[in-house]
1. If a residue has to be assigned to a helix (DSSP H, G or I), touching a helix residue (DSSP H, G or I) at 6+ places or on another chain (Cβ under 8 Å) and over 22 Å from residue 79 (Cβ atoms) to count, how many in segment 39-49 make the cut?
2. Scanning for something in contact (Cβ under 8 Å) with a residue 40 or more places away in the chain and either of a type in the set (Asp, Glu) or surrounded by 14 or more Cβ atoms within 10 Å (Cβ to Cβ) (or both), does segment 32-47 turn up at least one residue?
3. If you go through segment 5-28 one residue at a time, do you hit one that is assigned to a helix (DSSP H, G or I), surrounded by fewer than 17 Cβ atoms within 10 Å (Cβ to Cβ) and hydrophobic (A, V, I, L, M, F, W, C)?
4. Could you check how many residues of segment 1-47 are in contact with a Leu (Cβ under 6 Å, 6 or more places away or on another chain) and at pLDDT below 95?
5. Residue check, residue 90 against (1) loosely packed, with under 11 Cβ neighbours inside 10 Å; (2) over 30 Å from residue 1 (Cβ atoms); (3) without any contact (Cβ under 8 Å) to a residue 12 or more places away in the chain, all met but one. Which one?
Amino acid sequence: MASLSVRIDLKPGSRIGPGKIELLEKIAAFGSISAAGRAMNMSYRRAWELVEELNKLFPSPLVSARTGGKHGGGTALTPLGLAVVTRYRAIEQAATEAARQHLSALQAELAAAPLAVEEVEPRP
């Protein structure tokens, strides 16, 4: 099925899209950058770099470290991080709804039988 992928350019050279949002969602679910990275087949280093990029992009961090203790440390999304994920998903949903008719038409065109093309003999 044809689908829409949303990437939002926020500043020159800075953007958010499905990969970064998925990483944030997995950090929220697992409470760990390394576990989120593993779930996405991404190295810890790459996941950490993306988190740092996101934290620097906004006026305050999207991901914060939780201090260790009896149950260990970890990471969590800040209220701003949760808001960014929620807003991105709302934008994605609105864009998908707006494009639904066109996506269905593209899918139908993909499924249609190829048009017969008459062979034309080249002129000498």
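1. Restricting attention to segment 39-49, the residues satisfying the condition of being assigned to a helix (DSSP H, G or I) are 39, 44-49.
From what is left, the residues that are touching a helix residue (DSSP H, G or I) at 6+ places or on another chain (Cβ under 8 Å) are 39, 44, 46-48.
Subsequent filtering for residues that are over 22 Å from residue 79 (Cβ atoms) retains 39, 44, 46.
Total satisfying the criteria: 3.
2. Looking only at segment 32-47, we keep the residues that are in contact (Cβ under 8 Å) with a residue 40 or more places away in the chain, and these are 32-33.
With either of a type in the set (Asp, Glu) or surrounded by 14 or more Cβ atoms within 10 Å (Cβ to Cβ) (or both) added as a condition, the list becomes 32-33.
Taking every residue of segment 32-47 in turn, at least one turns out to be in contact (Cβ under 8 Å) with a residue 40 or more places away in the chain and either of a type in the set (Asp, Glu) or surrounded by 14 or more Cβ atoms within 10 Å (Cβ to Cβ) (or both).
3. Checking segment 5-28: at least one residue is assigned to a helix (DSSP H, G or I), surrounded by fewer than 17 Cβ atoms within 10 Å (Cβ to Cβ) and hydrophobic (A, V, I, L, M, F, W, C).
4. Here the count works out to 2.
5. The one condition residue 90 does not meet is (2).
The values are calculated or read from the model by the stated rules, or taken from the named source; none is laboratory data. Values in this document were obtained by computation on a predicted structure and should not be read as measured data. For neighbour counting, all protein chains shown are included, and Cβ atoms are generated from backbone atoms with ideal geometry for every residue, glycine included.
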